[in-house]
1. Give me the pairs: first residue in the stretch 102-117 and hydroxyl-bearing (S, T, Y), second residue outside any helix (DSSP H, G or I), beta-carbon distance under 9 Å, and six or more apart or on different chains, which are they?
2. So I165 fits all but one of (1) modelled with pLDDT of 95 or more; (2) among the β-branched types (V, I, T); (3) under 15 Å from the mean Cα position of the chain (by Cα); what number is the exception?
3. Considering only the stretch 115-124, I want to know if a residue exists there that is crowded, with 20+ Cβ neighbours inside 10 Å, out of contact with any Pro (no Cβ under 7 Å at 6 or more places or on another chain) and under 30 Å from R89 (Cβ atoms).
4. Which one of these is surrounded by 14 or more Cβ atoms within 10 Å (Cβ to Cβ), assigned to a helix (DSSP H, G or I) and at pLDDT below 95: V40, V46, V83?
5. Pick from Y137, Y149: which is closer than 28 Å to P19 by Cβ, among the hydroxyl-bearing types (S, T, Y) and in contact (Cβ under 8 Å) with a residue 12 or more places away in the chain?
6. Within the stretch 89-171, which helices (runs of 4 or more DSSP H) (wholly inside it) include 2 or more residues that are over 18 Å from A78 (Cα atoms)?
7. Name the one entry in A105, A163, A170, A140 that is crowded, with 18+ Cβ neighbours inside 10 Å, more than 17 Å from L82 (Cβ to Cβ) and not charged (D, E, K, R).
8. Tell me whether the stretch 113-136 contains one or more residues that are in contact with a Phe, Trp or Tyr (Cβ under 8 Å, 6 or more places away or on another chain), within 29 Å of N162 (Cα to Cα) and small (G, A, S).
Amino acid sequence: MSLVNEIKDAVAILKINKPKMGDVSRRQDSLKWGIIFLSVPPVINVVLSAIAFPDGFSGIFSRYVLWPVVIPALSFAATSFLVSYAAERGFHGQKDHVGFFKIMAYASISLWITIIPFLLMVLNFGDAYGSLGEIFYLVASALAMFVMYNALMEHHKLTKENAIIVVVAAVVIYVVVSSILGNILVGSGYRLI
């Protein structure tokens, strides 16, 4: 399939198109596309950070530039698998964690809006690592959580109440995973938002 069609599928998932969720979860090539969608923001944001910082591209490998931009995507992926596992084990959901990850990876296209503050930072209109970046990230995360809630009901066949419980657990899981990765990869100075 083409990139344009895959982006249309991702947008359809953001619009809670349940048949599209099922299609993406079953399709072989959607794992590759989902990983691409999830990887776009960190890659672009690292490059934009390198352009904006005085050290340039030699500075992108600093643990204070590279990892704070990459950790959210890694945490998103880990949280998707852990949430799927929790839905299966705790609420008798499907044992198809890769299928659930595919849906959430397509939903990660919502994280593409986090590129905007980095682009503005390059143009000297703010700091992507400050409150502007936090606002865009919170909006993208809220949208992803809404998709997760619906995907839990569609893919794992959870009730609305159980899906809410798992989404609340997802927030906790994300915070724990991000904190662990942040402390390991950046150090004690890492902050979630």
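The values are calculated or read from the model by the stated rules, or taken from the named source; none is laboratory data. From a predicted model like this one, the values you see are computed outputs, not experimental measurements. Quick reminder, even Gly has a Cβ in these numbers, built from the backbone with ideal geometry, and neighbours come from all protein chains shown.
1. What qualifies is T114/A128.
2. Unmet for I165, out of (1) modelled with pLDDT of 95 or more; (2) among the β-branched types (V, I, T); (3) under 15 Å from the mean Cα position of the chain (by Cα): (3).
3. No, every residue in the stretch 115-124 fails to be crowded, with 20+ Cβ neighbours inside 10 Å, out of contact with any Pro (no Cβ under 7 Å at 6 or more places or on another chain) and under 30 Å from R89 (Cβ atoms).
4. After ruling out the rest, the residue left standing is V46.
5. Answer to the selection: Y149.
6. Output list reads 115-122, 131-155.
7. Selected residue: A140, the only one of A105, A163, A170, A140 that is crowded, with 18+ Cβ neighbours inside 10 Å, more than 17 Å from L82 (Cβ to Cβ) and not charged (D, E, K, R).
8. no
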